[in-house]
Amino acid sequence: MITSQRFVKAPGDSTFWLRPLPKRRSGRRLLILLASLWWVGSIQPAWAETPKTTHDACRLIATWDQQSMWCLQMAYANRKQTPTAENLKAILESVVDEHAKVGVDRLVHCVFALPEGVVPSGMKSFYRRGWTGGLSGNDHCRIDVMEAGGYDTIQVMLDRSRQQGMQFLAGLRMNDRHGDAGKSEFGQAHPEWLLKDPKIPALDYRHAGVRQAVLEVAREVLEKYDVDGIELDWMRHCHVFEPAEAEQNAPILTEFVADMRKLLDEAARKRGRGRLLLGVRVAQTADECRALGYDVQAWVQQGTIDYLCPSDFFYNDYNVETEKFVKVTRGTDCKVYPSIHPKIAHNHFHDTPTVANYRANAKNFYAYGADGVSVYNYHYHWRADMGPEDDWPGVMQHLAEVRDPARVARGDRHYMYYPLWLPGKCPTGAQFDKTNTINLRRDQPHGSVTFRMAEDLADLTWDARLEFKFIGTIEGGTLRVRLNGHEYEADRIGSTLVADGRPESAGRALPAYHLYRLPLDAKIARWGDNVLELTWTHLPKSSDEATWLAQEFEVFVTAK
């Protein structure tokens, strides 16, 4: 007869099992019960370290590069105290805790990037003094002190994530180009495995040796750390084939992703665990994915991946066609988490989004079927060379807002349709327009732009307006404005001249411009994609080849 149970630790093992205790007298039963309660409270049983988050319940993913999640916090603290292994570990754990406080379900931390070293154990090179985010001299994170004290950076984050009920995944940058692959040890040994395009100093996944080396790194990660899965970051830096050959080489990547799935399944069997997750960060349009050789549909339908994060390389795009990725995953267990970034647009590097911007992104994501939101390299909000370092950790609360669709819908939203990339500058190599501008000329006085907002303006508790900047004027000309085929009367169009333009310190430098303001309501604006048309009329005859530019379209949705 079993009268009580206790946890017994296996020699050399971190797990516990239940062993029956023999029948005792009632007095001793009480003592044993009290002792058992004390014992259970004093240990960390394996089941207590299992993440509370399930795949189906995950709503918010935070993905980080090699150091940016914690480097600045440590560097700032080291100004005020002598770094020790214990206090650095405490800072690292507190950073993980802040993620849990705002509802992050899945923490992804990069453990490896290319071409730093495509060899097993190469991941350790990332945790030396590292990137300092605008700091100089001795103001660095000194992660080396922590590791010299016997703490493994990844293991500390993994353990703390488990304690906080979060899943912890290892991130792999698939072809990082912050270094020159040709100068790396791996590239020197195998120059024939490098991409030939001099603008893309990276590895060519067409070669089996490259793919096998990356798989070996993943295998080592899985053997060393009991992670909940792996996220493949194909957006650092997008190209893994020669651009002209990428689409035809898509089956090579499909086989590679399937091999990664096998590694995860093998690791799960060895550890006695259920399915380990495989996520991918990919370009945010089907055309870009296809041009890069990412056959996302095959990855989903073959059951190799568990979630995907459509993402720009660096900026927030409010026009992401989330529904196209949702359609690909329909009928499968694969989830969709479109990405937000802490930067606005090309040439606006010192600007960071507000919580209203993030809500607008999330509003569109959820409206078109996203399972949640992923955030990438959020540290720009507290980088010393971009903003006040004391924004940490308060600005993390923005993520709590985007995690909850109800909170998104209750707060003000601010959509920004800015020029994401200048022509030819997009890292994916996209040939289609990402400039979000309307260019008018005397011989072509008409143009349009499409912007997406999942807003029902029939709800009279909200006010909404559209603003844009217009550069260039001409005496005698008239700007005609139409939205979704409805023309605005002149008395509904507000225009203010900003004669001094905008200095570079306030964003991308602009010459003098007119700021146009248009009220939005349900009679004109629609839920979803809206088309704004601008036309110059009544232009006087002239040989002047003047041009005009409308850009930085913004929609403000505010509570009355």
Reported set for the stretch 289-298 where residues are surrounded by fewer than 24 Cβ atoms within 10 Å (Cβ to Cβ) and touching a Ser or Thr at 6+ places or on another chain (Cβ under 8 Å) is 291, 295, 298
Of the residues in the stretch 304-339, those that are under 19 Å from residue 455 (Cα atoms) and among the hydrophobic types (A, V, I, L, M, F, W, C) come to 320
Across the stretch 447-473, the tally of residues that are among the basic types (Lys, Arg) and more than 27 Å from the chain's Cα centre (by Cα) stands at 2
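If I filter the stretch 346-385 down to residues being of a type in the set (D, E, K, R) and under 29 Å from residue 510 (Cα atoms), which single residue comes out as surrounded by the most Cβ atoms within 10 Å (Cβ to Cβ)?
From the stretch 346-385, those of a type in the set (D, E, K, R) are 351, 359, 363, 371, 383, 385; that's our starting set.
If we keep only those that are under 29 Å from residue 510 (Cα atoms) as well, we get 351, 359, 383, 385.
Values: 351: 20, 359: 24, 383: 21, 385: 11.
Per the stated criteria, the residue is 359.
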Residue 252 vs (1) within 24 Å of the chain's Cα centre (by Cα); (2) under 24 Å from residue 176 (Cα atoms); (3) touching a residue at least 24 places away in the same chain (Cβ under 8 Å): all pass except (1)
**Request:** Scan the stretch 329-352 and give yes if some residue there is in the same structural domain as residue 168 (by TED's automatic domain parsing), part of a helix (DSSP H, G or I), more than 28 Å from residue 422 (Cβ to Cβ) and modelled with pLDDT of 95 or more, otherwise no.
**Result:** yes
Residue set 465, 441, 452; condition surrounded by 13 or more Cβ atoms within 10 Å (Cβ to Cβ) and either among the small types (Gly, Ala, Ser) or in contact with a helix residue (DSSP H, G or I) (Cβ under 9 Å, 6 or more places away or on another chain) (or both); output residue 452
Of (1) farther than 17 Å from residue 396 by Cα; (2) surrounded by fewer than 19 Cβ atoms within 10 Å (Cβ to Cβ); (3) modelled with pLDDT of 85 or more, residue 101 fails just (1)
Within the stretch 278-319, the count of residues that are in a loop (DSSP other than H, G, I, E, B) and among the acidic types (Asp, Glu) comes to 4
Over the stretch 437-469, the set of residues within 19 Å of residue 542 (Cβ to Cβ) and in contact (Cβ under 8 Å) with a residue 40 or more places away in the chain is 439, 440, 441, 442, 445, 446
Taking the stretch 196-206 and keeping only residues that are part of a loop (DSSP other than H, G, I, E, B) and under 14 Å from residue 174 (Cα atoms), one is left with 200, 201, 202, 204, 205, 206
Residue set 521, 500; condition within 24 Å of residue 351 (Cβ to Cβ), more than 29 Å from the chain's Cα centre (by Cα) and assigned to a loop (DSSP other than H, G, I, E, B); output residue 500
Selection from the stretch 383-414 of residues within 18 Å of the chain's Cα centre (by Cα) and over 22 Å from residue 105 (Cβ atoms) yields 383
Inset, instruction - Test residue 489 against the criterion of being over 36 Å from the mean Cα position of the chain (by Cα) and free of Cβ contacts under 8 Å to residues at least 12 places away in the same chain, and give yes or no. - result: yes
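Yes/no matrix, rows are residues, columns are (1) more than 12 Å from residue 532 (Cβ to Cβ); (2) in contact with a strand residue (DSSP E or B) (Cβ under 9 Å, 6 or more places away or on another chain):
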{"residue": "444", "(1), (2)": "yes, no"}
{"residue": "455", "(1), (2)": "yes, yes"}
{"residue": "458", "(1), (2)": "yes, no"}
{"residue": "474", "(1), (2)": "yes, yes"}
{"residue": "482", "(1), (2)": "no, yes"}
{"residue": "496", "(1), (2)": "yes, yes"}
{"residue": "502", "(1), (2)": "yes, yes"}
{"residue": "505", "(1), (2)": "yes, no"}
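Consider residue 275 carefully, then state whether it is of a type in the set (Lys, Arg), in contact (Cβ under 8 Å) with a residue 12 or more places away in the chain and out of contact with any helix residue (DSSP H, G or I) (no Cβ under 8 Å at 6 or more places or on another chain).
Criteria not met by residue 275.
Do the conditions hold for residue 146, that is, is it buried (at least 20 other Cβ atoms within 10 Å of the Cβ), within 23 Å of the chain's Cα centre (by Cα) and in a helix (DSSP H, G or I)?
On the way: buried (at least 20 other Cβ atoms within 10 Å of the Cβ): yes; within 23 Å of the chain's Cα centre (by Cα): no; in a helix (DSSP H, G or I): yes.
So residue 146 does not fit the description; no.
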In the set 197, 204, the lone residue that is among the acidic types (Asp, Glu), surrounded by fewer than 20 Cβ atoms within 10 Å (Cβ to Cβ) and without any contact (Cβ under 8 Å) to a residue 60 or more places away in the chain is 197
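Select, from 236, 211, the only residue that is crowded, with 17+ Cβ neighbours inside 10 Å, in a helix (DSSP H, G or I) and among the charged types (D, E, K, R).
Numbers: 236 fails: in a helix (DSSP H, G or I).
After ruling out the rest, the residue left standing is 211.
The values are calculated or read from the model by the stated rules, or taken from the named source; none is laboratory data. Worth saying up front: this structure is predicted, and the values here are computed from it rather than measured. Using ideal geometry, Cβ is built from the backbone for each residue, glycine included, and neighbour counts are taken over all protein chains shown.
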